[in-house]
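Taking it in order: structure first as structure tokens, then the write-up.
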Amino acid sequence: MFIDRLLNQGNGPLLEQMLRFTDARHRLLTEDVVNANTPGFKNKDLSVERFQSLLRERVEQRESASPGSVRFDDIMANVQHPANNILFHDGNNRSMEQLMADSAKNALLHNMVVELLRKQFSAMEMALRERVT
């Protein structure tokens with residue numbers, strides 16, 4: 001189908017995977033905030049740097065491959081337990097300020113990707129309309 005070819009050749013699959021990543025990270029950050037006062041709870045997060053590195057490698061592979069042969073849907077960062085926070089007497093390693101900052105950055109990235117996808121779909125819609133007429 002024509003639309004599938006357009007998506008596979010463009011950045012749609014890459015942007016879709018970025019949305020999946022920001023959604024999964026949002027869930028973990030929300031869980032961290034909810035459990036901020038739970039004794040012994042260890043924060044969980046996804047490594048943005050690792051995820052971006054994996055995406056970068058796949059984009060470089062795509063440049064030398066045939067259109068549609070390189071996929072992005074299998075890329076996802078592993079859940080980590082950040083050790084850079086202060087460990088409190090109750091065994092919790094919370095930092096509410098860091099959690100709020102990470103949540104805000106993640107939301108901004110998510111919104112940017114949604115906007116890029118919206119623009120890409122608008123461009124495809126315009127191209128399809130011109131093709132029909």
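Within the same chain, lysines fewer than 8 places from K119 are excluded, and of the rest, those with a Cα less than 26 Å from its Cα are K105. Per-residue SASA remark: H81, around 110 Å² accessible (1.4 Å probe; ligands, DNA and RNA not included). Straight-line reach from K42: which aspartates and glutamates have Cα under 19 Å away, leaving out those fewer than 8 places along the same chain? Reachable aspartates and glutamates: E31, D32, D90, E97, D102. Here the Karplus curve 6.51 cos²θ - 1.76 cosθ + 1.60, taken at θ = phi - 60°, turns the phi angles of the stretch 32-43 into couplings of 4, 5, 4, 9, 4, 9, 7, x, x, 6, 10, 4 Hz, with x standing for Gly and Pro. Here the label points at R71 and E125, each 7 Å from Cα along the C-beta direction, are separated by 2.9 nm in the simple model.
The values are calculated or read from the model by the stated rules, or taken from the named source; none is laboratory data. A quick note: this is a predicted structure, and the numbers were derived from the prediction, not measured. Note that we place each Cβ from the backbone using ideal geometry, even for glycine, and neighbour counts take in every protein chain shown. The area values use the complete protein model at the heavy-atom level, side chains included, leaving out ligands, DNA and RNA. Shrake-Rupley method; radii C 1.70, N 1.55, O 1.52, S 1.80 Å.
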